[in-house]
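In what follows, a single structure is set out as structure tokens and then discussed.
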Amino acid sequence: MFFKKKDLITDEQLKQAETKYDVNKHIPTSITVLKDNQRKMVVKLTNRIDETGVIASSLIDTTQGISKAIESQLKSIELVVDEISNYSALAEEVFASIENSKGITHQTLTVAKEGSKTIDKSLESMDNIQSSMTTVKQAVGELYNKSQNVDELLTLIKDIADSTNLLALNASIEAARAGDAGRGFAVVANEVKKLATRSIESVTHINEILTEIKQSINNTSALMNETEDRVNIGRTLSNNSRSVFETIIKAAEETSAVSDEINHAVTKQNSSLEHVVESTYAMNEQFSMLINKVETTLLNTEYTSTSLKTLKKLSTELNSNNDSLMKELKSEDVSSTKLKSNAAYPLSTIDAMKCLDATEAEVFKNVHSTLTLINEHTKVSPGIAKCWRVLDDQITWEFQLRKGVKFHNGDVLSADDVIFSYERLLDPKLKSPNTWMLFDIEGAEEFSTGKAQKISGLEIINPHVIRIRLTSPSAGFLLNIGQVVCPIYSKKAFKNNGDIVGCGAYTIEVANDKVIHLKAFKDFYLGEPYIESLELIIDVKSIGQRFINKEYDYIKVDNATLYKAVMEKNMNLDVNDMLASYFVGFNMHSNHPIINNKEARQALNYAINKERIVENALGGLGSISSSPMPSLMLGGEAIKPYEYNPQKAKQMLKNAGISNFSLHLAARDGNQGGIFEKILKCVCEDLEAIGIKIKLSDYASSDFVGNKRYLTCDIFVSRWVADNGDPDNFLQPIFTPNGTGNFTSYNNPEVSELMSQAKEMLNPSKRLEIYTKISLLLKEEAPWVYLFHPKSGVAYHKHLSGMNINAMGFIAYDQLYTNI
């Protein structure tokens, strides 16, 4: 929007004007208006050329930086190639060493296996020895037992010999008594005694021999036990040795396997390194080609810069020539150009930092200005900052401010005003609902909660350069600071008088419950607006008729009645998809069983006929929504919406065990004749059709939002309009716990975590995947009854040009001009 050229008066038009009118006479008002428009267009054109020149210079610097970076990258690639070559040679050496190690391992494995076999034979011999020893021990045991038997016999013989000796003694005594008659018997008795004595002596001798034999047997047995112990120790040692050899064999086999794997990996790595080297050479070539293209781009950019300087000179000459021409055309002084339209309701505040409503936001967007601007395509363009760059840490942004930017009171803007404005927005005393817009800035959140005395991420380099350091990279930061709720105010005016003074294209002259009157700021830094004043009448009931009667120069078309009226009269009509959602919200703090039951909330999504709402309330200017996020943000409505099925809704409520069929509904502007009234009528009829009784409370929009009337009911009808095209900016305030737009008080840690992931995700496709997942979750959870995403139309009379309405439904008043 801000860079779009406007057509100047053509030579043919001037020729016709000269033919029809005497330049020395006054010329008609239409020419007078064209003259004034051309004067302002030339100034705006000069400003845009200057702005484009700055951008071209910045582009040259950036391109030179890219060129240097590519050269550095080329050197790095060459070093990488050298290192890879060295590494490849080293890998070959490693391969050879591993092959040698494999040979040694194989020898070790062979020796270990032979040793293991020898130990197995030794263990077999030890087993044979132990078996023989067992047999011998049994024989020795038997011998010992038999010697015991002999010992018993010897004891018996000794006993017999003792008895015989005793008998012989008795016989001798009896022979002595018998005298000569017993002399022969005495001889026999004596012989018997000798024999008994000899027997006893023999037994004693044999006993001694047996004792020696027993001792030998015991010694033999002890020796055999000791031998057996030694055999067992040998077996244990052999088994241990075998285990060691088995470990060695296993280790050697594993080493061999690992060596094979390493060899395979090294071989594969060498192959990969060859591909890497080839790719690196190809990359080197590509970088060489790229640097050539960068150098060509640099040359072209410098040519562009030179051309812009020439164009600026021509613009200056055109401006001078135009001034001379305007003096020659002795027209009347142009009368004040004034436009009229409507506003849905009065301003609830004059402080843009407290703004929550889309209608107020459009007014403030034209009254105040921001560091960056968002054009009609929801893209970032220069605002108070003429250019910016991100430093090497990727989180510090440096902004160069335009010189000579004036506030409405004539004060000149400086870096101090920017810092003051951001500190004021984040000041906990202000209680702004929009502080989260700046939470990407380091220390902003701590400052907003009173935990820090300053915002550590804000730094003034000089009066026209500031740096802003973020907590982490954020793709949406430039969009956030371009929001109307982040305006730059005059520090001096506020500190001295408490006045809120901005530097936008218009000033607020009157703001009451009947009219909002805006006046053009002639020193606006982007060029004096064409239209000197705008009058916005507070009106929602007679908009169409007043427009047809030409009481209004343009109107917003957002419902069926207006759409039909405009189309019937064949008026100019521009229509865009809006980044907005209309919905029925569930107050999650309510104790009502329908609110606390997911299946019941889903049932209400089936109960409401969204197609009827889009047709009856909007005249088709909308698309049925399936989730909070507008389809534009998801690259199209990829998620299937809830179908209209009242019978299914009834059955789901029955399955959920719902018995309480009365709901308290809070409406905003429900009887004002606007879009909310039409939505409300359809919603109530559909809910009553499935047996739900509605208790209705209606509030003005300012009361509904400002006093949080949505927390006093079970359900409510509302909307959410995007501040910019960034999905994070759209979702965070309405589904973050304690978010300023979270009217439902919905709290789902999984959704919060996914939003945090998406915010820091720079890859667009992956970011879209996360937001699609969030949308699916929210559809399933159903904290809203999803109604529609609106289209925004603007109808205007043929005398009005420069009309542009962006995806948020905002009109840039400074671009409007009339040709009569």
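Report the relative contact order of region 560-801, percent, no decimals, based on alpha-carbon pairs under 8 angstrom and at least 6 residues apart.
Worked out over region 560-801, it gives 37 percent.
Could you give the nm distance between label points at Glu459 and Asn707, where each point is 7 Å from its Cα heading toward the beta carbon?
4.8
Give me the percent relative contact order of region 341-539, please, defined on Cα pairs under 8 angstrom at least 6 residues apart.
30
Along the charge dipole of region 533-603, Cβ charges K/R +1 and D/E -1, which of Asn576, Leu534, Asn559 sits furthest on the positive end?
Working it through, the farthest residue towards the positive pole turns out to be Asn559.
Starting with the highest mean, order 409-415, 484-490, 520-526 by the number of other Cβ atoms within 10 Å, averaged over the residues of each peptide.
Going from most to least packed, we get 484-490, 520-526, 409-415.
Calculate the radius of gyration of the Cα atoms of region 341-539 to one decimal place, then report Dmax, the largest Cα-Cα distance, as a whole number, both in Å.
Here Rg and the maximum Cα pair distance are 16.5, 53 Å.
In nm, to one decimal, how far is the modelled label at Val540 from the one at Lys695, with both set 7 Å along Cα→Cβ?
Here the answer is 2.4 nm between the modelled labels.
Stokes-Einstein at 10 °C, 1.306 mPa s, Kirkwood radius from Cα pairs: D for region 677-810 in µm² s⁻¹?
D, rounded to a whole number, is 90 µm²/s.
Let a ≥ b ≥ c be the square roots of the eigenvalues of the Cα gyration tensor of region 560-801; is it rounded (a/c under 1.5), or, if not, prolate (a/b larger than b/c) or oblate?
Oblate.
Which of the peptides 491-499, 696-704, 431-439 is most tightly packed, and how do the rest follow, judged by the mean count of other Cβ atoms within 10 Å per residue?
Ranked by mean Cβ neighbours within 10 Å, highest first: 431-439, 696-704, 491-499.
Quick one: if you stick a label point 7 Å off each Cα along the C-beta vector at Asn655 and Asp411, how many nm between them?
Placing both labels 7 Å along Cα→Cβ, they lie 6.3 nm apart.
Only the coordinates and a few stated rules stand behind these numbers; no lab work does. Worth saying up front: this structure is predicted, and the values here are computed from it rather than measured. Counting neighbours? That spans all protein chains shown, and the Cβs are built from the backbone with ideal geometry, glycine included.
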